[in-house]
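What follows is calculated from the coordinates using simple rules that are stated; it is not laboratory data. Since we're looking at a predicted model, the values are computed, not measured. Quick reminder, even Gly has a Cβ in these numbers, built from the backbone with ideal geometry, and neighbours come from all protein chains shown.
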Ligand code: BGC
């Protein structure tokens, strides 16, 4: 278990430490950050347990936490629909996650305050500028997405939305599609997806993250850029600088008729006039000044 001495004192001053966790389809990563989002430890990665049940994943996160020197609070990015820390889907992990309160489970085990959000939303929080309409997509095991309106995050599930000949973004651009179709075809679909998303969202900027973004070998249109994989962890600090309203209890997602379930789901879009504080992680990511600890831009996310 993480060191307890001094945690209460640190939580009130600048030395507060955040354990940032990124739960992916093939790996779970951890790093400890200072209040500004600067890495204090090396990033560690362990394989995602199989089957990736809630119990097995929580156990793995606790194992990673024990490897860290000590922390006062925890942020976790999770590859599925998350509302108020409760998971409602985990397409690339296991069916056992529906309605699992991951935030509470981790809080009980780690004995620290925990915030859990969708992985693409956390990745985006570490990358966006906080101005205008910014879309984030992640290319890993799955296809993640999140929208930021003047820095306020709105979780999206574009991955399961039909994109190409009735197949979803995730079916055409996820890790399985890349392995099956090869990079050339995957890139052709990605170009198409970028155009498609521009027409749909009219975003000011599009950020592309995830471990497979390293395979992009074409000139991206203006306003589109690849972000470093480490942002998936550095964004964890942003969860703690967001206004409390983003973390208040929302209603659970409505159960949909199965035939309509493939339509885009917009989760967590709660209105607030409050704008989250812009984090050091976001500012330095924009300026390209993050120190990526032990990770290179192309490291595998999922
Ligand atoms: C999930 C998303 C997640 C993405 C990337 C998708 O299958 O539905 O919630 O963000 O994978 O992990």
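Numerical summary
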| quantity | calculated |
| --- | --- |
| Mean shadow area of the range 162-244 over all directions, Cα convex hull, nm² | 6.8 nm² |
| Whole-percent pair-distance distribution, where bins are 10 Å wide, for the alpha carbons of the range 30-93 | 18, 47, 32, 3 |
| Tail weight of P(r) past 24 Å, computed on alpha-carbon pairs of the range 102-228, percent | 29 percent |
| Of all DSSP beta bridges in the range 20-148, antiparallel share, percent nearest 5 | 70 percent |
| Against the rule of thumb 2.2 N^0.38 Å, how large the Cα Rg of the range 115-182 comes out | 1.18 |
| By average C-beta atoms within 10 angstrom, highest first, the peptides 211-218, 170-177 | 170-177, 211-218 |
